Amino acid sequence: TLAFPAAVYLLQDHQLHAAELERTFIAIKPDGVQRGLIAEIVSRFERKGFKLVAIKIVVPSKEFAQKHYHDLKERPFFNGLCDFLSSGPVVAMVWEGEGVIKYGRKLIGATDPQKSEPGTIRGDLAVAVGRNIIHGSDGPETAKDEIALWFRPIELVSYTSNAEKWIYE
Ligand code: ADP
């Protein structure tokens, strides 16, 4: 009875889940990729119970890196940071789950790996602040902006995982 059943289904699916969807942007920076830490990092988010809804590997341009880090443009390390982010492949991801923005930051650890707790990604796997291997959105607004900067809507995949009923009450 519907002219565009698939589109309508997607719209309804999105609306049904709109309230519970929380998504964050996570990137494995060039140092994490070069050090062979992709699987290690993905695994920590996956084992926690978060759901991967987008992933790709890209070499961002310097201009793109400047957009991504625009909030830091007045900081002395801005130029070096943008050079570094655009120096090689980055794994860009969107992770979804209850509390994923805040808890993602906990999994990542403090900005300076010397101050990150053991058990966190930076605490366990990094030493220097300028080589801290991973980026994660720091709040709902930046998550929304960063996801929109790095991904087109069609690259985000909505799906139900069979594990969800064992992860959520
Ligand atoms: P986070 O990545 O933890 O959200 P910030 O947004 O403050 O931290 O900084 C972005 C990135 O800039 C950091 O992850 C780090 O790689 C780099 N950075 C931050 N502070 C410094 C610093 N003092 N010297 C060099 N690089 C820095």
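Taken together, the values in this text are just the output of simple stated rules run on the coordinates, not laboratory data. Computed from a predicted structure; not experimentally measured. Here the Cβ positions follow ideal geometry from the backbone for every residue, glycine too, while neighbour counts run over all protein chains shown.
Taking a straight line from the alpha carbon of K56, these lysines sit under 29 Å away, with near neighbours fewer than eight places off in the same chain left out: K29, K48, K67, K73, K102, K106, K144, K165. Relative to the longest principal axis of the Cα atoms of the chain, helix 5-17 runs at roughly 60 degrees.
Let's see if you can work this out: charge +1 on each Lys and Arg Cβ, -1 on each Asp and Glu Cβ, no other charges. What is the dipole magnitude of the stretch 34-101 about its Cα centre, in debye to the nearest 20?
Values: 10 positive and 8 negative charges, 25 e Å.
Its charge dipole is roughly 120 debye.
In degrees between 0 and 90, to the nearest 10, how far off the longest principal axis of the chain does helix 38-48 point, with axes built from Cα atoms? Its long axis makes an angle of about 50 degrees. Axis of helix 140-150 versus longest Cα principal axis of the chain: the two differ by about 90°, to the nearest ten degrees. With neighbours defined as other Cβ atoms within 10 Å of a residue's Cβ, the residues W166, W150 order from fewest to most as W166, W150.
At a 10 Å Cβ-Cβ cut-off, how would you order T142, T24, T111, fewest neighbours first? Mind dumping the intermediate values first?
Details: T142 16, T24 28, T111 13.
Fewest-to-most Cβ neighbours within 10 Å comes out as T111, T142, T24.
Taking other C-beta atoms within 10 angstrom as a stand-in for reagent exposure, R75, R152, R44 fall in the order R152, R75, R44, fewest first.
Pull out the extension gain between L72 and R47, defined as 0.36 nm times the separation in residues minus the alpha carbon to alpha carbon distance; nm, one decimal. Numbers along the way, then the final one.
Values: separation 25, 0.36 × 25 = 9.00 nm, distance 3.18 nm.
Gain on extension, L72 to R47, equals 5.8 nm.
Label positions at V59 and E169, each projected 7 Å from the Cα along the C-beta direction, are separated by 5.0 nm. Charge dipole of the stretch 68-169 (Cα centre as origin; +1 on each Lys and Arg Cβ, -1 on each Asp and Glu Cβ, all else neutral): 200 debye, rounded to the nearest 20.
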